[in-house]
Amino acid sequence: MEDQVFVILAFSYDSLSNDTIKSCFLYCSMFPSDYEILEDELIELWIGEGLLIASYDIQRARNQGYDIIESLKVACLLESAESGKHVKMHDMIHDLALWLTMKTEEMKKRARVLESRDFAEMKEAQMISLWDLDRISLFDRSVVGPKVPSFPNLETLFLRRNSMGEIPSGFLEKMSLVRVLNLSYNYRLGMCWQVHQLVNLEYLNISFTSIKARSIRGLKKLRCLILNFTHLKEIGQTMISGLSSLQLFSMHSVVHLETLQISSCNDLKDVKIDTIDKGKQGFIPRYSTVLPKFSKLHEVHIISCSKLLDLTWLIYAPCLQSLAVSACESMQELIDGSDGVVQENYGLFSRLTTLQLENLPKLNGSCNYVLPFPSLKMIYVHSCENLRKIPFDFNTGKNSLKKIQVEQSWWDGLQWEDEAIKQRFNSFFMPSVYMDLYQVLGYGY
């Protein structure tokens with residue numbers, strides 16, 4: 001009888017226009033039935049899995065993801081949840097997805113296991129999703145025996161909302177094929193030293209955890225890194241340097257973060273903070289509408305991220321004191337002012353004392369706004385030949401500015417709104433030759 005019902009329901013699935021939409025639908029069974037799934041999180045998972053045709057371009061992939069969600073809603077395979085920007089899967093539709101998954105032997109190998117004590121049954125699985133194991137831990141020796149479970153074929157692992165405080169030594173070491181690892185909502189989880197050994201990892205989500213990851217360096221295939229609502233105080237070179245394939249870096253309300261360094265992430269285009277409208281990557285324009293996302297962030301270094309276009313997300317860092325940007329060949333502006341973001345945030349860069357810009361060939365000064373920089377003490381600019389205008393007026397750095405260290409030829413070619421403004425800043429000008437960015441910052445010199 002149950003199979004007959006599924007045959008009828010499967011008509012909607014069979015009517016989906018292409019295999020990509022079908023795969024994305026089946027993937028939703030990784031979440032429990034009636035669970036409210038954040039649309040952006042679901043799309044990021046689809047990107048991490050490589051399900052979207054445009055996964056190589058994050059913005060196109062996100063737009064495609066929104067279109068797929070709408071298609072699944074029209075087909076009544078997903079429904080809007082009460083929480084905005086969330087979707088859910090009815091329990092009968094969820095059972096349909098599991099039934100479709102188990103129809104063939106090949107798909108059985110990719111079984112999604114939501115709750116089970118039979119770990120031997122999961123051994124050959126390629127995808128495992130374990131939720132809410134409050135009493136029976138995956139690592140409880142009384143259940144799994146003396147040996148740590150081994151899943152040699154595993155490619156996707158969800159361990160969400162479980163009561164574990166750590167992942168024991170040796171567990172992840174046996175999962176060399178894992179590409180997607182979701183450890184989010186494990187609030188007690190603080191130890192996870194083995195992540196850096198997952199050399200094939202492309203998606204990592206440690207949101208809502210207490211993980212104090214010292215290093216994920218060396219994950220050369222990692223494309224999506226999600227660190228929302230974590231307790232990290234520092235994200236430095238030892239943590240994310242050399243993530244050469246990183247395309248999407250999401251930090252939402254990392255309220256304890258003080259220092260952020262991103263370097264050598266040459267595929268990174270998108271630093272995700274918030275979304276206003278579906279299909280559009282945006283930023284909430286007024287600080288007054290949300291709590292500051294980075295209320296303690298005071299130092300940011302962005303180095304060798306060749307595809308990064310702007311740093312508009314810094315509007316969420318009201319206490320930023322030092323900003324250094326180097327070797328970002330595609331960056332056209334620091335803050336995208338096209339949507340009135342700058343005008344709506346009068347406190348932008350209000351505490352910034354040091355600004356270093358180096359080797360930004362496309363950075364331009366076609367801005368229509370002025371920034372007062374009331375705390376600015378030092379500016380260093382080198383090899384930013386397209387920057388012909390800076391957002392200063394007579395009051396910029398009025399009581400704080402001490403030094404403007406730039407190339408003579410660049411300074412002579414600057415365009416000024418008023419000759420009096422130029423004369424004021426001339427007194428702080430200091431001609432310079434090229435200096436390594438870390439020498440400017442005072443590291444090791």
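All but one of (1) more than 20 Å from F249 (Cα to Cα); (2) open to solvent by 10 Å² or more (accessible area, probe 1.4 Å) hold for Q59, so report the exception by its number.
(1)
Tell me yes or no: at least one residue of the stretch 25-32 is in contact with a His (Cβ under 9 Å, 6 or more places away or on another chain), touching a residue at least 60 places away in the same chain (Cβ under 8 Å) and part of a helix (DSSP H, G or I).
yes
List pairs: first residue in the stretch 380-399 and within 14 Å of F428 (Cα to Cα) and touching a residue at least 60 places away in the same chain (Cβ under 8 Å), second residue open to solvent by 10 Å² or more (accessible area, probe 1.4 Å) and β-branched (V, I, T) anywhere in the structure, Cβ distance under 7 angstrom, at least six positions apart or on different chains.
The qualifying pairs are Y380/V440.
Report yes if some residue within the stretch 122-145 is in a loop (DSSP other than H, G, I, E, B), among the β-branched types (V, I, T) and modelled with pLDDT of 90 or more; otherwise report no.
no
If I21 satisfies all but one of (1) within 17 Å of M102 (Cα to Cα); (2) β-branched (V, I, T); (3) in contact with a helix residue (DSSP H, G or I) (Cβ under 6 Å, 6 or more places away or on another chain), what's the number of the condition it fails?
Of the numbered conditions (1) within 17 Å of M102 (Cα to Cα); (2) β-branched (V, I, T); (3) in contact with a helix residue (DSSP H, G or I) (Cβ under 6 Å, 6 or more places away or on another chain), the odd one out for I21 is (1).
Does S409 qualify as being within 23 Å of P361 (Cα to Cα), small (G, A, S) and modelled with pLDDT under 85?
no
I'd like to verify a number: residues in the stretch 380-427 that are under 37 Å from the mean Cα position of the chain (by Cα), in a helix (DSSP H, G or I) and not hydrophobic (A, V, I, L, M, F, W, C), how many?
0
So which residues in the stretch 8-24 are open to solvent by less than 90 Å² (accessible area, probe 1.4 Å) and either part of a helix (DSSP H, G or I) or touching a residue at least 24 places away in the same chain (Cβ under 8 Å) (or both)?
L9, A10, S12, Y13, S15, L16, T20, I21, K22, S23, C24
Take residues that are at pLDDT 90 or above, open to solvent by less than 10 Å² (accessible area, probe 1.4 Å) and within 22 Å of S163 (Cα to Cα) and tell me which of the strands (runs of 3 or more DSSP E) falling wholly in the stretch 179-228 contain 2 or more.
180-182, 203-205
Could you grab the pairs with beta carbons closer than 7 Å, sequence gap of 6+ or different chains, first residue in the stretch 419-431 and under 13 Å from I379 (Cα atoms) and modelled with pLDDT of 90 or more, second one open to solvent by less than 50 Å² (accessible area, probe 1.4 Å) and part of a helix (DSSP H, G or I)?
Here the result reads F429/W411, each pair linking the stretch 419-431 to a residue that is open to solvent by less than 50 Å² (accessible area, probe 1.4 Å) and part of a helix (DSSP H, G or I).
Out of the residues in the stretch 62-111 that are in a helix (DSSP H, G or I) and at pLDDT below 85, state the one that is least open to solvent (accessible area, probe 1.4 Å).
Looking at residues that are in a helix (DSSP H, G or I) and at pLDDT below 85, I get T101.
C76 fails exactly one of the following numbered conditions: (1) within 19 Å of V180 (Cβ to Cβ); (2) in contact with a helix residue (DSSP H, G or I) (Cβ under 9 Å, 6 or more places away or on another chain). What is the number of that condition?
The failed condition is (1).
The values are calculated or read from the model by the stated rules, or taken from the named source; none is laboratory data. These numbers come from a predicted model, not from an experiment. As a convention, Cβ positions derive from the backbone with ideal geometry for all residues, glycine included, and neighbour counts pool all protein chains shown. Heavy atoms of the whole protein, side chains included, go into the accessibility calculation; ligands, DNA and RNA do not. Shrake-Rupley method; radii C 1.70, N 1.55, O 1.52, S 1.80 Å.
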